[in-house]
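The values are calculated or read from the model by the stated rules, or taken from the named source; none is laboratory data. Given the structure is predicted, the values throughout are model-derived calculations rather than measurements. Here the Cβ positions follow ideal geometry from the backbone for every residue, glycine too, while neighbour counts run over all protein chains shown.
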Ligand code: UTP
Ligand code: MG
């Protein structure tokens with residue numbers, strides 16, 4: 001029997017930190033480009049490209065994340081909504097983001113692209129010019145499963161104000177994102 005899920009609506013407080021979570025090839029960058037302005041998105045691949053001239057150069061991963069974290073802190077302290085486009089399948093990777101949101105007093109929201117393994121692998125295989133090694137994707141998928149289903153404390157205990165998990169391409173395509181600017185300040189009245 002087909003699933004009949006209703007359209008998923010995500011309400012984003014402004015400012016907030018939006019953490020995309022998903023294996024390589026799950027569609028994080030596509031999702032970010034569709035729903036957010038380019039300047040709102042901090043992408044680990046983009047920092048690799050800036051530092052090494054190649055968005056796939058893993059040798060600059062540490063430096064890339066150092067810059068991403070630095071810019072994330074600046075943006076959240078400035079009170080602007082920021083999206084982190086990285087796999088974020090490791091608890092430690094998420095922790096590094098959550099701690100910065102907490103310091104800035106900004107809520108963190110997770111959007112999880114939990115698509116079927118077959119779809120992620122097929123998208124990766126079809127990808128040009130860059131495909132990621134399948135073993136890497138299998139590792140990402142396993143880390144994500146563990147974060148969602150355990151064993152271990154899991155995503156729900158990490159401090160996200162909300163977690164939206166998207167399970168299939170239709171659900172991803174139909175997502176509606178609304179921004180909640182919060183109560184009007186006295187100056188706006
Ligand atoms: P992305 O490049 O968006 O994945 O899509 P990603 O999660 O950001 O991957 P990493 O972590 O940077 O490696 C991967 C492939 O899937 C296709 C894209 O065109 C791209 O070739 N795709 C993505 C679709 O065909 N449909 C979608 O809805 C999303
Ligand atoms: Mg990407």
#### Entry: Within segment 44-70, tally of residues that are within 13 Å of ligand 2 (Cβ to nearest atom), under 22 Å from residue 135 (Cα atoms) and either crowded, with 21+ Cβ neighbours inside 10 Å or modelled with pLDDT of 95 or more (or both)
3
### Task
Report yes if residue 79 is farther than 20 Å from residue 21 by Cα, modelled with pLDDT under 95 and over 18 Å from the mean Cα position of the chain (by Cα), otherwise no.
no
### Message
Tell me the residue from 83, 89, 106, 136 that is within 10 Å of ligand 1 (Cβ to nearest atom) and touching a helix residue (DSSP H, G or I) at 6+ places or on another chain (Cβ under 8 Å), please.
### Response
89
### Task
Take segment 109-123 and flag every residue that is in a helix (DSSP H, G or I) and either crowded, with 20+ Cβ neighbours inside 10 Å or away from ligand 1 (no atom under 12 Å from the Cβ) (or both).
117, 118, 120
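Okay, residues lined up against (1) in a loop (DSSP other than H, G, I, E, B); (2) at pLDDT 90 or above; (3) surrounded by 12 or more Cβ atoms within 10 Å (Cβ to Cβ):
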site: 152; (1), (2), (3): yes, no, no
site: 159; (1), (2), (3): yes, yes, yes
site: 165; (1), (2), (3): no, yes, yes
site: 172; (1), (2), (3): no, yes, yes
site: 187; (1), (2), (3): no, no, no
